[in-house]
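What follows is a short report on a single structure.
The values are calculated or read from the model by the stated rules, or taken from the named source; none is laboratory data. Given the structure is predicted, the values throughout are model-derived calculations rather than measurements. For neighbour counting, all protein chains shown are included, and Cβ atoms are generated from backbone atoms with ideal geometry for every residue, glycine included. Protein only, heavy atoms only, side chains kept; ligands, DNA and RNA dropped before computing areas. Shrake-Rupley method; radii C 1.70, N 1.55, O 1.52, S 1.80 Å.
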Amino acid sequence: MSIDDLSLRNTRDIELAAYANDVAAAIRPTAAHYDRTGEFPFEHFEILKRKGALGLTVPKEYGGQGLSLYETLLVQERIAGASGATALALGWHLMTLFGLNTTRAWDQAVFERVCRDAVERGELINVFATERDAGNVVRGFKPTTVARRHGDGYVISGRKAFSTLAPAVNHFTVLAHIEDDDQTAEFLVQKSERVRIIDTWDALGMRSTGSHDVELDAVEVPADALLVRLEKGKPSRFMACSSAYSLQLPAIYLGIAVAARDFILDFADSRFAPSLGGVILDAPQVQHKIGEIEILVGTSKALLYGLAERWDRHDALKDRLGSEVAITKYAVTNNAIRIVELAMQIAGGHALSRDLPLERYFRDVQCGLYNPPHNDMVIDRVAKEAIARQRADTAAGAAIPRASKPQGPDPTAAPSTRRIGEAVA
C-alpha cells in the first residue's frame, strides 16, 4: 500500500494503521486455507484476542480502546486486505459494541458486563436478526422467533439464519416477537444445550465467517435478558445515529479491493510479455485499467472517510446522515467490485487460478451486494427523497402570493437600448 495514504490524518491514524497491518500480517498466511475449507478461523480470533482487537470499539471506561468511527474503518480496511471473511466476522462484533456505545440502548450494567467480557475474556457478540421465512428486520419483517412469558422470564423458540460468528460466540442477542405483548424485542441469550448450530453456511464468498443457522429450542432466559423493545413506528437502535456503524461494511469491501489493486500492480510489474519486450505494466491498455482502479479507490476513500469524519465531528448531524450512509455503502461496495474485476482483466486467465488471491477477492467482494442496505433499497430511498423534495418545492412555490412573486420583464414593454455593462443613470 502506498505510504502516501491521505486517509491517515495524524500520528494516531498512522499508529492504528501500523497496528492493523501487523494483525493482517499474522492472519494472511492462513486466509486461503480457511477460504477453501470453509472452517471457522478460531486461530485468527485467538490472534485478534491476543492483539486486543476485540476491545477496539469498547468504550475506554470499560477497558477498551474506544475507537472513533473513522479509526475503526482504518483498522477494518487493512484487516480485510488479509482476510475479508475474518474482517467481516470481527466487524459484526465491533459494530454491535460501537452501536451500543453510541446509543446506550441497553441497561448500562448489562452493557458494561458484555464489554468487559470482550476485553478481559475475549468474548464475542453479535445480534442474530435474519430468518429464512421472515427475512431481515431492516426490511420490516416481524420475527417468527417467539418469546413467551414463563415465570419471571421468557422461553424463546425459533431459528435464525446467516448468524455470523455462530461457532465462536458464547452469548448473542436475538430479535423475538413477544406473543403476550404483540411486540418485538431484543434478548440476550447464553449458549446452552438448547441452542443448536446447524451447519448451513457453504457460500460462494466470505466462506469462513461461520454464518450458520442457529436454532433455539425453548430456551429459558431471565427477565433481565430482555434488553430493549422495538416500538412500532419508531426507529430502533439498529437505525439510530444514521446506522453509521454499518460503514464498516463498505470499509471491508474497500480493503479487499485495495488488496486486489496492490496485488495486480506487483503482478503486472513482474510479468514479462515477449510481445511488449517488457513487463505488462508498460502496456497502454493495462495502464488505462490501472488508472480506472486508482480513480475508483480514490473516490471511494474520499467518500467513506469524508463521511466518517463528518459523523465523528458533528453531533448535530449524527441522526441526519442516513441517506449519506446508504449512498456510501452503495457506491463504495459497487466500486470495490469493479476494482477487482479490472484487476482480474489485467491478470487474464491467471486470475482464475487458486494459486493467486484474485479469485478469492472476486468471490468475497460480491458479498457486499447482500449486506444491508441492498442496492434496491438505497436506490428506492434516494429516489423517494428526491421526489419528495421536488413536490415540496413545487407546493411551496404555488403557495407564494402572486403579488410577491418575482416579476419578469414585461413582454409588452419596448425593448431596452442600454448596452450590457452600461451604467444606470
Practice prompt. Would you mind counting up the charge near Ala203? Only other residues with Cβ under 14 Å from its Cβ, with Lys and Arg at +1 and Asp and Glu at -1.
Written response: -2
Worksheet item: Across 10 Å bins from the origin, how do the percents of Cα pairs in the chain run, short distances first?
Response: 4, 19, 28, 22, 12, 7, 5, 3, 1, 0
Item to complete: Can you tell me the FRET efficiency between His288 and Asp5 if r is taken as the Cβ-Cβ distance and R0 is 30 Å, rounded to the nearest 0.05?
Response: 0.80
Response to the item:
Simple SL model, points at 7 angstrom along Cα→Cβ for Leu369 and Ala218; separation in nm is 4.4 nm
Discussion item. Just the number please: accessible area per residue for segment 242-310, 1.4 Å probe, all protein chains included, in Å².
Written reply: 40 Å²
Response to the item:
One finds the C-alpha centres of segment 252-323 and segment 350-391 to be spaced, in Å, by 16 Å
Worksheet entry | Gained length - Ala396 relative to Gln190, 0.36 nm times residue gap less alpha-carbon distance | 68.7 nm
Practice prompt. Divide, for segment 83-204, the radius of gyration over alpha carbons by 2.2 N^0.38 Å, where N is the residue count.
Written response: 1.07
Worksheet, complete the sentence: In segment 326-405 the accessible area split gives carbon plus sulfur, as whole percent at 1.4 Å, a share of 58 percent
Worksheet entry | Highest average packing first - 18-25, 276-283, Cβ atoms within 10 Å | 18-25, 276-283
Worksheet entry | Within segment 49-135: Cβ-based charge dipole about Cα centre, in debye rounded to nearest 20 (Lys, Arg +1; Asp, Glu -1) | 300 debye
Worksheet item: Hey, with R₀ at 51 Å, roughly what FRET efficiency would Leu204 and Asp107 work out to, going by the Cβ-Cβ distance, to 0.05?
Response: 0.80
Item to complete: Rank by packing, highest mean first: peptides 177-183, 321-327, with packing defined as the count of other Cβ atoms within 10 Å averaged across residues.
Response: 321-327, 177-183
Item to complete: Roll a 1.4 angstrom probe over the protein heavy atoms and tell me the percent of accessible area of segment 174-254 that is carbon or sulfur.
Response: 48 percent
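Ranked highest first by average number of other Cβ atoms within 10 Å, how do 42-49, 199-206 line up?
42-49, 199-206
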Worksheet item: Add -39500 (n - 2.57) for each DSSP H run of 4 or more in the chain, then divide by its residues: what number comes out at 222 nm, to the nearest 500 deg cm²/dmol?
Response: -16000 deg cm²/dmol
